[in-house]
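Taken together, the values in this text are just the output of simple stated rules run on the coordinates, not laboratory data. From a predicted model like this one, the values you see are computed outputs, not experimental measurements. Quick reminder, even Gly has a Cβ in these numbers, built from the backbone with ideal geometry, and neighbours come from all protein chains shown.
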Amino acid sequence: MGRHFTKAALCLTCVCCLIFAALSGNQVSGVDRVYAAEAKPEAAASAEQARTAQKDGQLVTAAQPDISMSAMDVLGNLVNEERLFYAGEFKGRFVVDVEPYLEIRETGDDSSEVLGKLYPASWGEVVEWGREWTKISSGTVTGYIPTEELSMGYDAEQLAREVGDRIVTVNVESLYIRSEADQSSDVVSSAIQNEEFYVASTEEETSDATAAEAEEETAADPEVAENDPVPENDWVCIQYDASDESVKGYVASQYVTERIELDEAISIEEEEAAIAAAEAEKAAAEAAETEAAEAEEEAYVEDSVSDGSSQESQSDSSSGGSQQTTNESPVYATSDETYLLACMVYVESGAESYEGQLAVANVIMNRVRSPLFPNTITEVIYQPGQFPGAHNGVLDGVLASGPSDSCMTAAQEALAGVNNIGDFLYFNGWVDTSSVGSYLTIGNQTFYNY
């Protein structure tokens, strides 16, 4: 990057000289005439224009064209114009992609104290550029890094597109997620406004679906996306299951907004605190896993001696038949818990039928009753790694705007004991049914147990 900056500086010096020549009335014509000290006689100039060159054993006469170049033309030939006049979002910013990390030092000296680290695909602000060391600011750290390791401005944007994470945000009320980049492919799940997804790596992000097909679908279901055709039939492949990165689907690109996400520097103190927290979390998770295994074994022993007729009936219906509505013991919940449950139902199944919404509410209530999960609605919903919408800001948005009436009714009925899925604890938009025990499909979601 330092070499690019030096080249740009030399080019700017050339511009000043060329502009001065232009303002003095001198026309810059031809590469030879840019550097000519004086005009040659007309006859000599004509003779010089006809040159001969030996090529492949034949004599070829090449006449030099009479070209006229302005000062900016010459500059454009010397340096990339986009880089020189860059004014994009990375102006004054930098991006680094150094393995395993780049140290940020207190001063421009290899022996000075290390204040923090820049891990691969990180960015920040350029405070002061230097030929060997550049002062930068990223995250909570301000210090110096080697100039040769960073990319700035135009080059920073190009590098960011290569190494950053692409994230899309849904910009319509609800949106179908399809199995293929094709308007006629199966719907595997749905998303609601402001929900975010990582873009999956794939070479296929377009399909042969027509704009007419897009209009036909949105007209049939006005609550899903907008009544506008997909421009140029563009699609984006996303990872829509936070617990399994291999589960991918496609959304129409006109209904999402894309951004590039990069990391920031981490200070030495922050890294040490993060390591300590990770170790504590690991120990807690291992303890919880042991406790859950013991509880599961205890529950299995109890089930094995109980009457299994109701469980057998549930198994028959869940593996391919119709759903059955049963009555469970009501669960008391405060108005805040009821509202939270309704909002979570809207996040996960706002575009589904009422039966699908009731089913999602019952998954949450089944978990509250299960010894494998926390025993409160709030803890179940916010349990790490379970409901992505509870951690990426989507649930916060619904809590602020409110759930639909049907989702509120579904939450109230589930709390009252109305159950249409039995004891299922899991659900997803797409499930490999050969890898689960019993299951039940309602709309675009499958409910199951292992």
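Overview of results
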item	result
Under Karplus coefficients 6.51, -1.76 and 1.60, residue-wise ³J(HN,Hα) of the range 115-126 in Hz, glycine/proline x	8, x, 9, 10, 7, x, 6, 10, 9, x, 9, 8
Translational diffusion coefficient (Stokes-Einstein; Kirkwood radius from C-alpha pairs) of the range 143-205 at 20 °C, 1.002 mPa s, in µm²/s	144
Global geometry of the range 318-448, whether rounded, prolate or oblate, following the gyration tensor of its Cα atoms and the 1.5 cut on a/c	rounded
Stretch gain in nm, segment Ser353-Gln412, where the contour uses 0.36 nm per residue and the Cα spacing is subtracted	19.6 nm
Footprinting exposure proxy for Cys237, Cys343 (fewest neighbouring C-beta atoms within 10 Å first)	Cys237, Cys343
Sparse-neighbour loop sites [chymotrypsin sites (Phe, Trp or Tyr not before Pro); the range 331-422; at most 13 other C-beta within 10 Å; DSSP]	Tyr332
Viscosity 1.002 mPa s, temperature 20 °C, Stokes-Einstein D of the range 79-149 from Kirkwood C-alpha radius, µm²/s	169
Residues with amide H under 5 Å from that of Trp133, placed H, sequence gap 5 or more	Thr147
